1. Of A:Pro345, A:Cys394, A:Thr359, which is farthest towards the positive pole of region A:326-409's charge dipole, taken about the Cα centre with +1 and -1 on the beta-carbons of Lys, Arg and Asp, Glu respectively?
2. If you build the Cα gyration tensor of the protein assembly as shown and take the root of 5 times each eigenvalue, what three semi-axes come out, in whole angstrom, biggest first?
3. Given the -39500 (n - 2.57) contribution per DSSP H run of 4+ residues, what per-residue ellipticity at 222 nm results for the protein assembly as shown, rounded to the nearest 500 deg cm²/dmol?
4. For peptide A:387-399, how many partner chain Cβ atoms fall within 10 Å of a residue's Cβ, on average?
5. At 20 angstrom or more along the helix axis (alpha-carbon based) and mean Kyte-Doolittle of 1.0 or higher, what helices does chain B contain? Whole DSSP H runs only.
6. Quick check for you: which residues of region A:362-381 have the amide N under 16 Å from the point 7 Å beyond the Cα of B:Arg75 toward its beta carbon?
7. So if I take the centroid of the Cα atoms in region B:92-114 and the same for region A:409-446, what is the distance between those two points in Å?
8. To one decimal place, what Kirkwood hydrodynamic radius in Å is obtained for region B:77-119 from all pairs of distinct Cα atoms?
Amino acid sequence: MNFLSYFRNEAFERGIHPPSCKLTADTPIRRLPFAPRLVVPLSQHIGKPALPVVRVGEEVQRGQLIARADDGLSVPHHAPATGVVEAIELRPSARGPWAPAIVIRVHPGSSQEDLCANPRDLAKASSDELRQAIRDSGMVGLGGAAFPTYAKLAIPAGAKAHTLVVNGCECEPYLTCDHRVMVEEADDLIAGIRYGLRATGAVRAIIGVEDNKPAAVAAIKAAIARHEAAGQPDGAIFVEAVPTKYPQGSEKMLLMALFGVEVPSGKLPISLGMVVNNVGTLAALGRLLPSGRGLTERVVTITGPGVSRPGDYRVPLGTPLRFILDYAGAPAGMNDARQVILGGPMMGQALPSLDIPITKGVSGVLVFRGEDLAQRENVTTYPCIKCGECVGACPMGLNPSQLGMLAAKREYDAMAEGYFLGECFECGCCTYVCPSNIPLVQQFRVAKQVLREKSAK
Amino acid sequence: MSALSRTSAAAPVAAPHASTSGSVTAVMATVMLALTPATLYGFWLYGWPSIYLWLITVAFAMLGEAVCLRLMERRAVPVLFDGSAMLTGWLLAVSLPPWAPWWIGALGGLFATMLCKQAFGGLGQNLFNPAMVARVALLISFPVQMTAWVAPLPIDMAAAPGPISGLLVTLKGIPQGLDAVSSASLLGFAKTEMSRGVDLLQSLPHAPSLSWLGSRPGSLGETASWLIAAGGLLLIVRRVISWHIPVAMLAGIAVPAALLHLVDPARYLDATTHLLSGGAMLGAFFIATDYVTSPNTARGQLIFGAGCGVLTYVIRTWAGYPEGVAFAVLLMNSLTPIIDRYVKPRVYGRDRQGVALDAPAMAARPIVGREY
């Protein structure tokens, strides 16, 4: 930070301010009905796929373990509904290649009560036991990365955590699921934070919320007051409103905004004594852990100009997108062409198929109309005029303009060595601001992929 | 590169799925809008010949671009619509003596877009600012025509040439009867007098007057310094350019000028004269800030701007030419790739040399401003 920082109310250096488009910020979370068939992929997370423990034709109860965690980095999965296992087969996945999944035909008449709870007394559990309970719940980072939470809360040998940072930024336009969770489930969030504090051994938790969500800050403040009235068991909890800016939801940017510290290149926040978790993840932990249930549903923002009933829905995992889009409806007079994106508009992924199910890491389903798509397809790409807009937007301090020129010449090694391509986390700010409409971050993804394949050889 | 970009842009399956509505054309249009008040004021000051010269320069700049594109068997119209050729011609036109003959504008316009821009590969590829290369080429080739400044003769005055006689001025040159209006610019006058051994304290009372309002000889774009500066401020407010290059360049001129004037007022002109003379304002706000030929980091821009300013002052004061903005900008243009190579933004999590930050040191850093 230079001295000018004191005159600017900037959370972190550079970044952008896209229109927030949070259409669903004020609508309460609603429950989505069960689809006739749910598709539970074995790999919904970073790490090894889970191993199925049910057979085709077997009756499963909602919440029942249907796939156990593999050795190493992996989490189990639970049946999102009561029904019968119809198939264990390859199904389309959001990443592209078909992947093994357990298909459950939902019993239409079932009460869908979660009968498979396995309550444990966690009041005196050690941090190892807590992390095991977290692993058994199948919890992964619900903010989008889907990294197993038990592993994220594990402190490497020799390191010590003092602060649990709770990420409530939700900086992507359109998405409001974390916002609604903070407003409606603040007490669950506090409970989850207490588990997080105990699992990591941190002494304080700080919730960072962007200042465009005052309702969430107020709800959390009220919950913190109750926590303080109870004598702050497990540690002190604070909430901090940070100036709204994209991509603040990146933990590197959030740590900069909250504390003015940078995570050294190649290191994790734990090197600074900090562990970062998403609000949705911890709120879900707060709900699930006391009753010993598994993660079978999550809050998903269904939004965009292409749906007539946008909202935040509690969606059973495995619900196919087709069912969700039917339920959320299409605006009158819209033609069939739609673009469906998993996640937000900045980093989300456009999907090739509506048979793809909602998985643990999906925070939003964003639907654009055919005409929105045509509008974006019609932009002209000009040569780079070296205006430096991208340099002024890159939160990592890279020079996307030069990286883009190198990418056009396929100088991938020079990009990595001279221009730190590896630091790019693909937030898309450069492409967003480019007046020449050059698909910069898209080229960087290609470059990174090429370099990965090269180094794998 | 453009082929690659086009194919990727046509298939928007990869994030981000949102972008700004800005475009190259919008940027160019904003710059032209910012130039408009000063240009119109210049038209009023210098009358019909300046209007014709402007039209000819802009037209030939666009013609040069179109010819090159046709030679490359590309469609010219979409490229012409990005506005960059028009802006190049416009910037060249406002740096020319307003009553220069038509072929100065025509040659300059063609030279700027054909040799200085398209020969390098078109928009974004040129190393040097096309308008300034063309201006310098003209100055070296045709020093007489390029230094024939006229005193302002506002268009509504009786003595000012009308639409027809104005056209004749542009086509056939300045007629004998109007010779009286020819005059030197202040910088040129001071330099000539100095070379005759007359120091500034004696010569300046006889020098052409200098004013913010622009009633003095000069090019279209240099006399109305305050309108140029206002246009530049508009660009800064609209975030088309940042403040770094203009401020650094003006400081690079003003600081040495003020210091040396303090030391020896008989030999060195004061800072105000330097800032209001020649192309200082135009150069600082519109020429040096050209995206393509200037560095794209804030620190690089400060270095670049300061270099432009200091070089301008050095050329004006000690070199053979009375005016140095064009030469200074071109010299710094040649340094831009080097500046961009060595002055990079500091990467998050690394120090300026690109070495990863020290984790224990960062962890020990006090948490700013808050008590937890």
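1. The one lying farthest along the dipole's positive direction is A:Cys394.
2. Taking √(5λ) for each eigenvalue gives 64, 29, 21 Å, largest first.
3. Calculated mean residue ellipticity at 222 nm is -12000 deg cm²/dmol.
4. That works out to 6 on average.
5. Sorted by number, the helices that extend far enough and score high enough are B:24-71, B:244-263, B:325-342.
6. The answer is A:378-381, whose backbone nitrogens lie closer than 16 Å to the label point.
7. 39
8. 10.9
The values are calculated or read from the model by the stated rules, or taken from the named source; none is laboratory data. Fair warning: this is a prediction, and the values are worked out from it, not measured in the lab. So basically every Cβ, Gly included, is an ideal-geometry build from the backbone, and we count neighbours across all protein chains shown. With ligands, DNA and RNA removed, areas are computed over all heavy atoms of the protein, side chains included. Shrake-Rupley method; radii C 1.70, N 1.55, O 1.52, S 1.80 Å.
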